[in-house]
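A short worksheet on the structure shown next.
The values are calculated or read from the model by the stated rules, or taken from the named source; none is laboratory data. A quick note: this is a predicted structure, and the numbers were derived from the prediction, not measured. Don't worry about glycine lacking a Cβ; one is built from the backbone with ideal geometry, like all the others, and counts go over all protein chains shown.
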């Protein structure tokens, strides 16, 4: 994992959220070119700014660096986890069974 990963991940998340670099920069309280500077490789965000970027996308830093499946929208995954935390252990078990059934039904699944 390197600076290129961070730049690419911010771009991926920004596109999933359907927001421009300009709008995201302003939303984060910076000049309109702030995000462009990051994704072009001129700079990297500070730790405080990185955490603000994660908050902006409604994900945890762990989810930002989760690279097993970049096709999964981390904001959706975060929402699912948030809602799942409200369920009983029994209901979580039922959901797990359902998810496994869905996955096993897809062609090419393990």
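Condition check ((1) closer than 26 Å to residue 11 by Cα; (2) in a helix (DSSP H, G or I); (3) at pLDDT 75 or above) across all residues:
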| position | (1), (2), (3) |
| --- | --- |
| 59 | yes, no, yes |
| 64 | yes, yes, yes |
| 69 | yes, no, no |
| 72 | yes, no, no |
| 78 | yes, yes, yes |
| 92 | no, yes, yes |
| 96 | no, yes, yes |
| 99 | no, yes, yes |
| 107 | no, no, no |
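Considering only the range 33-45, state which residues are under 18 Å from the mean Cα position of the chain (by Cα) and either surrounded by fewer than 17 Cβ atoms within 10 Å (Cβ to Cβ) or in a helix (DSSP H, G or I) (or both). Write out each step before concluding.
Initial filter on the range 33-45 (under 18 Å from the mean Cα position of the chain (by Cα)): 35, 38-39, 44-45.
Scanning the range 33-45 gives 35, 38, 39, 44.
Taking the condition over 17 Å from the mean Cα position of the chain (by Cα) and surrounded by 13 or more Cβ atoms within 10 Å (Cβ to Cβ), does residue 23 pass?
Details: over 17 Å from the mean Cα position of the chain (by Cα): yes; surrounded by 13 or more Cβ atoms within 10 Å (Cβ to Cβ): yes.
Here the answer is yes, as residue 23 does meet what is asked.
Being in a helix (DSSP H, G or I) and exposed (fewer than 12 other Cβ atoms within 10 Å of the Cβ) is the filter here, so list the residues in the range 1-20 that pass it. Walk me through it before giving the result.
Quick first cut of the range 1-20, residues in a helix (DSSP H, G or I) only: 3-17.
Matches in the range 1-20: 3, 4, 15.
Answer yes or no: is there a residue in the range 46-53 that is outside any helix (DSSP H, G or I) and either surrounded by fewer than 16 Cβ atoms within 10 Å (Cβ to Cβ) or within 17 Å of the chain's Cα centre (by Cα) (or both). Spell out how you get there, then give the answer.
Initial filter on the range 46-53 (outside any helix (DSSP H, G or I)): 46.
Next, from what is left, pick out any that are either surrounded by fewer than 16 Cβ atoms within 10 Å (Cβ to Cβ) or within 17 Å of the chain's Cα centre (by Cα) (or both): 46.
Yes: the range 46-53 contains one or more residues that are outside any helix (DSSP H, G or I) and either surrounded by fewer than 16 Cβ atoms within 10 Å (Cβ to Cβ) or within 17 Å of the chain's Cα centre (by Cα) (or both).
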